[in-house]
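Engineer: One structure coming up, written as structure tokens, with questions to follow.
The values are calculated or read from the model by the stated rules, or taken from the named source; none is laboratory data. Predicted model only: the values in this text are computed from it and were never measured. Using ideal geometry, Cβ is built from the backbone for each residue, glycine included, and neighbour counts are taken over all protein chains shown.
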Amino acid sequence: MTDTKLVHQSSDTFSPESDWIRISSKGQGIREGLRELLNTGDLLRMLILRHLKIRFAQTAMGAFWVVLQPLMTALIFSVLFGVFVKVPSDGLPYVAFAYPGMALWTLFAQGFDRGSTSLVLEERLITKVYFPRLVIPLSATLSAIADFIISTLLIFPLALAFGVSLSWRLPLFLIAVPPILFLAIAMGVLTASLSVRYRDLRQVAPFITQLWFYATPVVFPLKVVPEGLKNAVLWNPAGAPVLLFRSAFFGTPMPPMWSIMSSYLISILLLTLAVTIFRKVERGMADWL
Amino acid sequence: MMPMIEVQGLGKSYAMLQPGEKWSGDFADIAADALHRLMHGQLFRRRKHEIFWALKDLSFSVQPGEVVALAGHNGAGKSTLLKVLSRITSPNEGSALIRGRIGSLLEVGTGFHPDLTGRENVYLAGTILGMRRQEVAARFDEIVAFAEMEAFIDTKVKRYSSGMYLRLAFSVAAHLSTEVLLVDEALAVGDVNFQRKCMGKMGQIAGQGRTVFFVSHSVSAMRTLCTRGILLDHGRQVMDGDIETIVQAYLAHGAKVSDLGNEWTNVTDNFCDPFFQPLSLRLFDEDAPGSPSFQYGSRIVAEIEGKIEASAPDLNIGLVISTPEGTEVFRTFLRDTLALVETRLEPGNHCFRVGLPCRILNEGDYRIEIVALHKQWILEPGKGNPSLPLAIHGGFGTTPYWIQRRPGTIAPELGWSIQPS
């Protein structure tokens, strides 16, 4: 049928064909899904805003709690690793060494955690109204960016307090953020879509985060890693970004170029996989929840 | 003209789990199930699920501007159809094409968050329901004015009374600007005045030339708002025609349900409310408990079983008896009884029993529904509550005087006397 021709004849009654909705047992195509997702900018923004408003409205010292988590963890590790075990810290005071990596890692950990629980938490919305479901884990994970910005800003007074000078490489920190964000979204979306059927998976998320944390050079420098394991740490898609982030602020050794590229590649592949699985689960989601 | 909505061979099925089988999603259960199947040597055998078709072979098209009533009894597939058309769930067969944006008003308060202010919630719920931010901004004043909430719009929603909350939530939903609207009648909320306003607003929406699907149990609402109807039964499309034909068929259809017996049981955990959740409704003849039918002189007993989770001092439970056309014959409440007027209802399962007056209801078909209120309606009359058909047939009086149904809505047998004057 030449539907398109007819549309022009009655353009008052019908909205443009791009707004038309086709429902079938086969589900929607990738292009349609993508276009729809791109149309939900307003919704994504509103949902992120909601996360932030709720989070900051409930606590009097909202911003303070945001900073507290990475700072406390950095302090604990500085006592443990800096004072007791005396892990080398690339010539920096240990807190200054650990904090930037911790800030970036918290972006991953929080983004992953919020994304993975999001679908089950928003069960009511999913069973009562339609919108591209990907918006839910996406907004949950992206809301962690606000915390990240605040805790990153704290690096500057921290540097001042410990008398550490900032590196001229500072702008490079922007390159370190996207792979971590992709990883957080990918892991969040992946666990979220599987936890619709297997509720227990939500319990697994913190466990993965913890293991991954020790496989990432957040609280130790790369040089303490035995030679044979160094490559494993660098293949870890979270490894290079953390090293790069710290290096951008405080001039610690840069990770090799290939590891940054592989980090981008792996995180994007993982993201694609996660979204593919999500799209498979998406159609039956309301029936399972 | 091209139809606004084209539905072809639409079907939606669910796999029903076997009795005793459940899917909790816990690893422990999954492992236990796998072990069980391993021991019975059927680990790799595909489980046979019974397939239940909630919708089957639906085909129809709707022209722009048509207001279509979806009629049918509970479980006929009305809500499933709305869910499929609004894309909340996807069909297993067939297809539908909708030439425009679609908005669904299936529940009041979707997307509201108690910790946000009224203003923030209007924007949030509006975008969740499919409006763009600018559209919400353009209608914001209108939305707030309709809800009569100007004074409290910057107060957190958790400080609202439930009436205020419902008013604002309805108002957001009612101002959607999509070409197609799916509306559930349960949306008319709040006190009587606001409900009237809600229905008025729906009528206005229907008159704007937009395409509307309207689900309702109320015949009068269907007649006022709709031009056409589609009657569903057990997921099948039984009839499609002008609204009067559908209403008549719907009413005639209602009378047949009495074949199903005199008992309603809450199998799906519906009507969940902490103060009162109905579990079952049963009608029986006190003199002949096994008898399936009632006569004019039968002493009919209605028994409501219900669950109370939160102690509710003001909870009141009752029954409404109405004619198939929806005219109420009478209502009766627990608190009508003097001895029970101040009884506190404690958490737990309770059985409420009442004897219906005999020798009053005239020969004919009635519907009896559970109603409940606690400060406000939990089960409001005429809103698709648990109900049973009640048919009174035969036995026109104690004396042999009447040999057929007497005229009149009710047929009370009164005590006459003759005095010498």
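Engineer: Go through the stretch A:112-137 and count every residue that is in a helix (DSSP H, G or I) and farther than 21 Å from A:Arg199 by Cβ. I'd like the intermediate steps shown before the answer.
Structural biologist: Here is the first cut: in the stretch A:112-137, the ones in a helix (DSSP H, G or I) are A:112-121, A:123-128, A:135-137.
Going one step further and asking which of them are farther than 21 Å from A:Arg199 by Cβ, we end up with A:135.
Count: 1.
Engineer: Of the residues that make up the stretch A:94-103, is at least one modelled with pLDDT under 90 and either in a loop (DSSP other than H, G, I, E, B) or more than 27 Å from the chain's Cα centre (by Cα) (or both)?
Structural biologist: Checked the stretch A:94-103: no residue is modelled with pLDDT under 90 and either in a loop (DSSP other than H, G, I, E, B) or more than 27 Å from the chain's Cα centre (by Cα) (or both).
Engineer: Step by step: first the residues of the stretch A:146-162, then only those that are touching a residue at least 60 places away in the same chain (Cβ under 8 Å) and not polar (S, T, N, Q), then the one that is farthest from A:Arg50 (Cα to Cα). Which residue is that? It would help to see each step written out before you state the result.
Structural biologist: At the first step, the residues of the stretch A:146-162 found to be touching a residue at least 60 places away in the same chain (Cβ under 8 Å) are A:146-147, A:150-151, A:154-155, A:158-159, A:162.
Going one step further and asking which of them are not polar (S, T, N, Q), we end up with A:146-147, A:150, A:154-155, A:158-159, A:162.
Values: A:Ala146: 12, A:Asp147: 14, A:Ile150: 18, A:Leu154: 24, A:Ile155: 27, A:Leu158: 30, A:Ala159: 33, A:Phe162: 36 Å.
Once the filter is applied, the top-ranked residue is A:Phe162.
Engineer: Looking only at the stretch B:104-113, count every residue that is more than 9 Å from every other protein chain (Cβ to nearest Cβ) and either under 13 Å from B:Val183 (Cα atoms) or surrounded by 24 or more Cβ atoms within 10 Å (Cβ to Cβ) (or both) and tell me the total.
Structural biologist: Qualifying residue count, the stretch B:104-113: 2.
Engineer: Which one is surrounded by the most Cβ atoms within 10 Å (Cβ to Cβ), of the residues in the stretch B:333-389 that are within 28 Å of B:Asp287 (Cβ to Cβ), in contact with a helix residue (DSSP H, G or I) (Cβ under 8 Å, 6 or more places away or on another chain) and charged (D, E, K, R)?
Structural biologist: Among those residues, the one meeting the criterion is B:Arg367.
Engineer: Next question, about the same structure. Within the stretch A:200-222, can one find any residue that is of a type in the set (S, T, N, Q), free of Cβ contacts under 8 Å to residues at least 60 places away in the same chain, surrounded by fewer than 21 Cβ atoms within 10 Å (Cβ to Cβ) and within 14 Å of chain B (Cβ to nearest Cβ)? Don't jump to the end; show me each part of the working.
Structural biologist: Just the residues of the stretch A:200-222 that are of a type in the set (S, T, N, Q), to begin with: A:203, A:209-210, A:216.
Then keep just the ones that are free of Cβ contacts under 8 Å to residues at least 60 places away in the same chain; that gives A:203, A:210.
The next check asks that each one be surrounded by fewer than 21 Cβ atoms within 10 Å (Cβ to Cβ); those that pass are A:203, A:210.
Among the residues that remain, those that are also within 14 Å of chain B (Cβ to nearest Cβ) are: A:203.
Checking the stretch A:200-222: at least one residue is of a type in the set (S, T, N, Q), free of Cβ contacts under 8 Å to residues at least 60 places away in the same chain, surrounded by fewer than 21 Cβ atoms within 10 Å (Cβ to Cβ) and within 14 Å of chain B (Cβ to nearest Cβ).
Engineer: Looking at the stretch A:7-56 only, could you name the residues that are at pLDDT below 80, part of a helix (DSSP H, G or I), surrounded by 15 or more Cβ atoms within 10 Å (Cβ to Cβ) and facing chain B (nearest Cβ under 9 Å)?
Structural biologist: Residues satisfying the conditions are A:Val7, A:Asp19.
Engineer: Suppose we keep only residues that are in a loop (DSSP other than H, G, I, E, B) and touching a residue at least 60 places away in the same chain (Cβ under 8 Å) within the stretch B:397-419. Which one would you say is surrounded by the most Cβ atoms within 10 Å (Cβ to Cβ)?
Structural biologist: Residues of the stretch B:397-419 in a loop (DSSP other than H, G, I, E, B): B:397-409, B:411-419.
With the extra rule that they be touching a residue at least 60 places away in the same chain (Cβ under 8 Å), the set shrinks to B:397-398, B:409, B:411.
Numbers: B:Gly397: 14, B:Thr398: 11, B:Thr409: 10, B:Ala411: 19.
That would be B:Ala411.
Engineer: Look at A:Phe108 and say whether it is assigned to a helix (DSSP H, G or I), over 27 Å from A:Gln28 (Cβ atoms), modelled with pLDDT of 85 or more and touching a Pro at 6+ places or on another chain (Cβ under 8 Å). Show your work before the answer.
Structural biologist: Values: assigned to a helix (DSSP H, G or I): yes; over 27 Å from A:Gln28 (Cβ atoms): yes; modelled with pLDDT of 85 or more: yes; touching a Pro at 6+ places or on another chain (Cβ under 8 Å): no.
Against the criterion (assigned to a helix (DSSP H, G or I), over 27 Å from A:Gln28 (Cβ atoms), modelled with pLDDT of 85 or more and touching a Pro at 6+ places or on another chain (Cβ under 8 Å)), A:Phe108 does not qualify.
Engineer: Restricting attention to the stretch A:153-172, does a residue exist that is closer than 24 Å to B:Ala125 by Cβ, in a helix (DSSP H, G or I), more than 14 Å from every other protein chain (Cβ to nearest Cβ) and not hydrophobic (A, V, I, L, M, F, W, C)?
Structural biologist: Taking the stretch A:153-172 and keeping what is closer than 24 Å to B:Ala125 by Cβ, we get none.
No: the stretch A:153-172 contains no residue that is closer than 24 Å to B:Ala125 by Cβ, in a helix (DSSP H, G or I), more than 14 Å from every other protein chain (Cβ to nearest Cβ) and not hydrophobic (A, V, I, L, M, F, W, C).
Engineer: Restricting to the stretch B:290-332, what's the tally of residues that are exposed (fewer than 14 other Cβ atoms within 10 Å of the Cβ) and either within 24 Å of B:Glu346 (Cβ to Cβ) or not charged (D, E, K, R) (or both)?
Structural biologist: Looking only at the stretch B:290-332, we keep the residues that are exposed (fewer than 14 other Cβ atoms within 10 Å of the Cβ), and these are B:290-293, B:309-311, B:313-314, B:325, B:327-328, B:330.
Next, only the ones that are either within 24 Å of B:Glu346 (Cβ to Cβ) or not charged (D, E, K, R) (or both) stay: B:290-293, B:309-311, B:313-314, B:327, B:330.
The qualifying residues number 11.
Engineer: Moving on to the next point. Has the stretch A:141-150 got at least one residue that is within 14 Å of chain B (Cβ to nearest Cβ), under 30 Å from B:Leu85 (Cα atoms) and assigned to a helix (DSSP H, G or I)?
Structural biologist: Scanning the stretch A:141-150, I find no residue that is within 14 Å of chain B (Cβ to nearest Cβ), under 30 Å from B:Leu85 (Cα atoms) and assigned to a helix (DSSP H, G or I), so the answer is no.
Engineer: Return only the number of the condition from (1) modelled with pLDDT of 85 or more; (2) within 30 Å of A:Pro226 (Cβ to Cβ) that A:Phe81 does not satisfy.
Structural biologist: Result: A:Phe81 passes all but (1).
Engineer: Looking at B:Lys156, is it of a type in the set (Lys, Arg) and under 25 Å from B:Gln204 (Cα atoms)? I'd like the intermediate steps shown before the answer.
Structural biologist: Details: of a type in the set (Lys, Arg): yes; under 25 Å from B:Gln204 (Cα atoms): no.
Spelling it out, it is not the case that B:Lys156 is of a type in the set (Lys, Arg) and under 25 Å from B:Gln204 (Cα atoms).
Engineer: Cβ-Cβ under 8 Å, sequence separation 6+ or interchain: first residue in the stretch B:1-27 and more than 16 Å from B:Gly235 (Cα to Cα), partner at pLDDT below 75 and among the polar types (S, T, N, Q). Which pairs?
Structural biologist: Note: pairs meeting the criteria are B:Met1/A:Ser10; B:Met1/A:Thr13; B:Met2/A:Ser10; B:Met4/A:Thr13.
Engineer: Sort through A:Arg133, A:Arg124 and tell me the only one that's under 30 Å from B:Thr89 (Cα atoms), surrounded by fewer than 16 Cβ atoms within 10 Å (Cβ to Cβ) and not aromatic (Phe, Trp, Tyr).
Structural biologist: Working: A:Arg133 fails: surrounded by fewer than 16 Cβ atoms within 10 Å (Cβ to Cβ).
That would be A:Arg124, the only listed residue that is under 30 Å from B:Thr89 (Cα atoms), surrounded by fewer than 16 Cβ atoms within 10 Å (Cβ to Cβ) and not aromatic (Phe, Trp, Tyr).
Engineer: Oh, and also: What residue, among those in the stretch B:114-123 that are facing chain A (nearest Cβ under 7 Å) and within 21 Å of A:Leu119 (Cα to Cα), is modelled with the lowest pLDDT?
Structural biologist: Of the stretch B:114-123, the ones facing chain A (nearest Cβ under 7 Å) are B:115-116, B:120, B:123.
Those left that are additionally within 21 Å of A:Leu119 (Cα to Cα): B:115-116.
Details: B:Asp115: 86, B:Leu116: 89.
Checking each candidate, the answer is B:Asp115.
Engineer: Filter the stretch B:376-394 for residues that are over 10 Å from the mean Cα position of the chain (by Cα) and on the phi > 0 side of the Ramachandran plot and give the result.
Structural biologist: B:Gly394, the sole residue that qualifies.
Engineer: Filter the stretch A:180-236 down to the residues that are among the aliphatic types (A, V, I, L, M), within 16 Å of the chain's Cα centre (by Cα) and modelled with pLDDT under 90 and list them by number.
Structural biologist: Taking the stretch A:180-236 as the starting set, the residues that turn out to be among the aliphatic types (A, V, I, L, M) are A:180-181, A:183-187, A:189-190, A:192, A:194, A:196, A:201, A:204-205, A:208, A:211, A:215, A:218-219, A:222, A:224-225, A:229, A:232-234.
Add one more test, that the residue is within 16 Å of the chain's Cα centre (by Cα), and what stays is A:180-181, A:183-187, A:189-190, A:192, A:205, A:208.
Residue satisfying the conditions is A:Ala205 alone.
Engineer: Identify, by number, the condition in (1) touching a residue at least 24 places away in the same chain (Cβ under 8 Å); (2) facing another protein chain (nearest Cβ under 10 Å) that B:Leu166 doesn't meet.
Structural biologist: Checking B:Leu166 against (1) touching a residue at least 24 places away in the same chain (Cβ under 8 Å); (2) facing another protein chain (nearest Cβ under 10 Å), the one that fails is (2).
Engineer: (1) in contact with a Pro (Cβ under 8 Å, 6 or more places away or on another chain); (2) farther than 25 Å from A:Trp65 by Cα; (3) among the polar types (S, T, N, Q): which one isn't true of A:Ser151, the others all being true?
Structural biologist: A:Ser151 satisfies all of (1) in contact with a Pro (Cβ under 8 Å, 6 or more places away or on another chain); (2) farther than 25 Å from A:Trp65 by Cα; (3) among the polar types (S, T, N, Q) except (2).
Engineer: Hey, another quick one. Evaluate the following for B:Phe140: is it more than 7 Å from chain A (Cβ to nearest Cβ) and either among the acidic types (Asp, Glu) or outside any helix (DSSP H, G or I) (or both)?
Structural biologist: In short, no.
Engineer: Between residues in the stretch B:95-117 that are within 16 Å of A:Ile23 (Cβ to Cβ) and residues that are part of a loop (DSSP other than H, G, I, E, B) and aliphatic (A, V, I, L, M), which pairs lie under 6 Å by C-beta distance while being six or more apart or on different chains?
Structural biologist: B:Arg99/B:Met4; B:Gly103/B:Leu176
Engineer: Quick check on my filter: what residues within the stretch B:77-102 are facing chain A (nearest Cβ under 7 Å), hydroxyl-bearing (Ser, Thr, Tyr) and either closer than 13 Å to B:Val183 by Cα or out of contact with any helix residue (DSSP H, G or I) (no Cβ under 6 Å at 6 or more places or on another chain) (or both)?
Structural biologist: Answer for the stretch B:77-102, where residues must be facing chain A (nearest Cβ under 7 Å), hydroxyl-bearing (Ser, Thr, Tyr) and either closer than 13 Å to B:Val183 by Cα or out of contact with any helix residue (DSSP H, G or I) (no Cβ under 6 Å at 6 or more places or on another chain) (or both): B:Ser86, B:Ser90, B:Ser95.
Engineer: Next question. With the condition being within 20 Å of A:Ala103 (Cβ to Cβ) and among the aliphatic types (A, V, I, L, M), I'd like the helices (runs of 4 or more DSSP H) fully within the stretch A:237-288 carrying at least 1 qualifying residues.
Structural biologist: By residue number, A:239-250, A:257-282.
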